[in-house]
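**Student:** After the structure tokens below, expect a handful of questions from me.
Values in this text are rule-based calculations from the coordinates and carry no lab data. All values derive from a computational prediction rather than experimental measurement. Positions of Cβ are backbone-derived with ideal geometry, glycine not excepted, and every protein chain shown enters the neighbour counts.
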Amino acid sequence: MSHSTFRPTHTVVFGAIDRGSERAATADAITGAAAHAGRVCLRIDCDCFVEEYPDRIDRLRTTCDRVTSADANYDDYCTREVNETPVVHDILTVESWHLYACVQHVRLDRDGETVLLYNADHRQFDIDGDAVPGALTEIETAFDGVAAGVLPKRPLCEWVVDGTRYVLSPPSLCVGSACFGLENLRNVTIDPGTMTISLEWASSRPSNAILAAITGLVERIGPDRPTKIEFNSRETFEAAEDGFETILAAIG
């Protein structure tokens, strides 16, 4: 099985959603999408997870196949049949830090290729909708009504202001070489009169302590998140306006 050639067409953008609702919707999305793929695989640190959830690990080891992992710190387990996904659902909905620290990723495989990849700690959720359109529909349904949405994984708009290139491409807004996750975007104020777009961000850190420290260091030495963007072209401003409104509609 390989995800080196994984080419996602869509991504899930999370908004101001509480983690309980996020876990539930994500688990429903993945288990629903599994019916359109071959199997579900988890890369998990069983020694970490088993301390708090021995029953879940016991069911995982009993109902799933252990396969060779590319990471010596984790075990790879894959379901044998679609109806074995409840054990995956149970792992994805634990109400503790173990999901973020002990599960490296969850993926769906079809014909030996990865078609979905999810990482809870990074809030990464990508899907190849061309390969499994039915799975994409299941995911869109699962996130309907919560502060998250499925968007094309491609640039919605690009523009240059004062020599700096901006690219609004879910799940990020990239400014120059720095990219900022849209899951932290809380409010967008659009002023057509002055052709400005103001952005309000929430601070966020990964649950993993080491990753959180690295993130803090990068933020201190890297560029700040943009909070006010001024445009000198009506056409460019309207393109950016449409892009941000698309984001807001998805995560609102």
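**Student:** In square nanometres, what is one fourth of the surface area of the convex hull spanned by the alpha carbons of region 68-205?
**Tutor:** 11.6
**Student:** Please identify every one of the trypsin sites (Lys or Arg not before Pro) in region 75-160 that sits in a loop by DSSP and has no more than 15 other beta carbons within 10 Å of its own beta carbon.
**Tutor:** 80
**Student:** With each pseudo-label sitting 7 Å past Cα toward Cβ, what's the residue 154-residue 248 distance in nm, one decimal?
**Tutor:** 2.5
**Student:** Between residue 230 and residue 111, what length in nm is gained on full extension when 0.36 nm per residue of separation is reduced by their alpha carbon distance?
**Tutor:** Taking residue 230 through residue 111 to full extension adds about 38.1 nm, to one decimal.
**Student:** Something else: Within region 180-202, find all residues whose amide N lies under 20 Å from a label point positioned 7 Å from the Cα of residue 162 along Cα-to-beta-carbon.
**Tutor:** The answer is 180, 189-201, whose backbone nitrogens lie closer than 20 Å to the label point.
**Student:** Further, regarding this structure: Give the list, by residue number, of cysteines in the chain with no other Cys Cβ closer than 4.7 Å, or say none.
**Tutor:** By the Cβ distance rule, which asks for a partner under 4.7 Å, the isolated cysteines are 46, 64, 157.
**Student:** In region 66-130, which GluC sites (Glu not before Pro) fall in coil by DSSP and have 16 or fewer other Cβ atoms within 10 Å?
**Tutor:** Taking region 66-130 and a limit of 16 other Cβ atoms within 10 Å, the loop GluC sites (Glu not before Pro) found are 81, 95.
**Student:** If you put +1 on each Lys and Arg Cβ and -1 on each Asp and Glu Cβ, how big is the dipole of the chain around its Cα centre, in Debye rounded to 20?
**Tutor:** The dipole of the chain has a size of about 340 debye.
**Student:** Return the loop-located chymotrypsin sites (Phe, Trp or Tyr not before Pro) in region 97-179 (DSSP other than H, G, I, E, B) with at most 14 other Cβ atoms within 10 Å of their own Cβ; answer none if there are none.
**Tutor:** Loop-located and lightly packed - 97.
**Student:** Give the calculated FRET efficiency between residue 51 and residue 172 to the nearest 0.05, with a Förster radius of 35 Å applied to their Cβ-Cβ distance.
**Tutor:** In this case the efficiency is close to 0.55.
**Student:** Could you give the radius of gyration (one decimal) and Dmax (whole number) of the Cα atoms in the chain, in Å?
**Tutor:** 19.3, 63
**Student:** Under the rule a/c < 1.5 gives rounded, and otherwise a/b versus b/c splits prolate from oblate, where does region 10-152 land using the Cα gyration tensor?
**Tutor:** oblate
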